[in-house]
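The values are calculated or read from the model by the stated rules, or taken from the named source; none is laboratory data. As the structure is a prediction and not an experimental result, all values here were calculated from the model. Cβ placement follows ideal geometry from the backbone for every residue including glycine, while neighbour counts extend to all protein chains displayed. The area values use the complete protein model at the heavy-atom level, side chains included, leaving out ligands, DNA and RNA. Shrake-Rupley method; radii C 1.70, N 1.55, O 1.52, S 1.80 Å.
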Amino acid sequence: MNWTLEVVIVPVSDLDRAKAFYADQLGFTVDHDTVIGDGQRLIQLTPPGSGCSIVIGEGVVPDMPPGSLKGLQLVVPDIERARAHLVDSGVKVSEIQVVGVNPRPTPHPLDNVGFVFFTDPDGNSWGVQQISSRA
């Protein structure tokens with residue numbers, strides 16, 4: 001039996017600002033932006049190539065302090081290209097960092113151990129890891 005993670009709720013304070021950050025700056029696809037009723041709105045966004053989406057919303061998602069989600073992680077085949085995309089999109093992102101040591105030889109020295117880090121406008125934190133074998 002497969003158990004797939006499909007949605008992660010990301011707590012934000014301003015839906016339109018967060019939607020612009022995730023869609024326009026990061027390039028996530030807006031799957032839907034639905035107003036359910038007064039004070040009830042749900043926006044689902046999916047990173048390119050991902051089977052898991054994020055949801056931001058008000059009135060229909062669990063009440064969590066904006067910016068309280070830490071350690072979300074994306075995986076890319078090329079961390080240098082991903083970092084350049086983030087910088088070009090105006091995202092404040094860390095330099096590439098090597099975290100740990102590869103347990104075996106890899107096609108690229110940053111595979112599995114190359115990371116960059118950034119936060120969304122509310123302070124939810126993200127890591128981006130290079131794993132080229134999944135490309």
For segment 112-126, what does the Karplus curve 6.51 cos²θ - 1.76 cosθ + 1.60, with θ = phi - 60°, yield as ³J(HN,Hα) per residue in whole Hz, taken in order and with x for Gly and Pro? 6, 10, x, 9, 10, 9, 8, 10, 7, x, 8, x, 5, 9, 10
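If you take the C-alpha gyration tensor of the chain, multiply each eigenvalue by 5 and take the square root, what semi-axes do you get, largest first, in whole Å? Each step should come with its number before you reach the end.
Working: eigenvalues 169, 52, 34 Å².
Semi-axis lengths for the chain are 29, 16, 13 Å.
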Of all DSSP beta bridges located in the chain, what percent are antiparallel, nearest 5? 70
Quick one: compute the contact order of the chain, relative version, from alpha carbon pairs under 8 angstrom and 6+ residues apart, as a percent. 25
0 to 90° range, to nearest 10: angle between helix 79-88 axis and the chain longest Cα axis: 40
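In terms of the Cα gyration tensor, with a ≥ b ≥ c the square roots of its eigenvalues, is segment 1-65 rounded because a/c is under 1.5, prolate because a/b exceeds b/c, or oblate? List each step's numbers first, then the result.
On the way: a/c = 1.88, a/b = 1.27, b/c = 1.49.
Since a/c reaches 1.5 but b/c is at least a/b, the shape of segment 1-65 is classed as oblate.
Loop only per DSSP, at most 15 neighbouring Cβ atoms within 10 Å: give me the chymotrypsin sites (Phe, Trp or Tyr not before Pro) in segment 1-88, ordered by residue number.
On the way: sites: W3, F21, Y22, F28; in loops: W3, F28.
The qualifying sites are W3.
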Long-range amide H partners of N112 with built H, under 5 Å: Q130, I131, S132
Tell me, what ³J(HN,Hα) does each residue in segment 94-102 have, in order and in whole Hz, if you take phi through Karplus 6.51 cos²θ - 1.76 cosθ + 1.60 with θ = phi - 60° and put x for Gly and Pro? 5, 5, 5, 10, 9, 10, x, 10, 5
For N124, the residues 5 or more places away or on another chain with a placed amide H closer than 5 Å to its own amide H are G67
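Rounded to the nearest percent, how much of the accessible area of the chain (1.4 Å probe, protein heavy atoms only) is carbon and sulfur?
On the way: 4200 of 7830 Å².
Using a 1.4 Å probe with all protein chains present, the chain comes out at 54 percent carbon and sulfur.
What is the gain in length, in nm to one decimal, between N102 and L72 on full extension, counting 0.36 nm per residue of separation less the C-alpha to C-alpha distance? Walk me through the numbers on the way to the answer.
Details: separation 30, 0.36 × 30 = 10.80 nm, distance 2.14 nm.
Taking N102 through L72 to full extension adds about 8.7 nm, to one decimal.
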Please list, in chain and number order, the residues 5+ apart from V75 or on another chain whose amide H is under 5 Å from its amide H, with Hs placed from the backbone. Q129
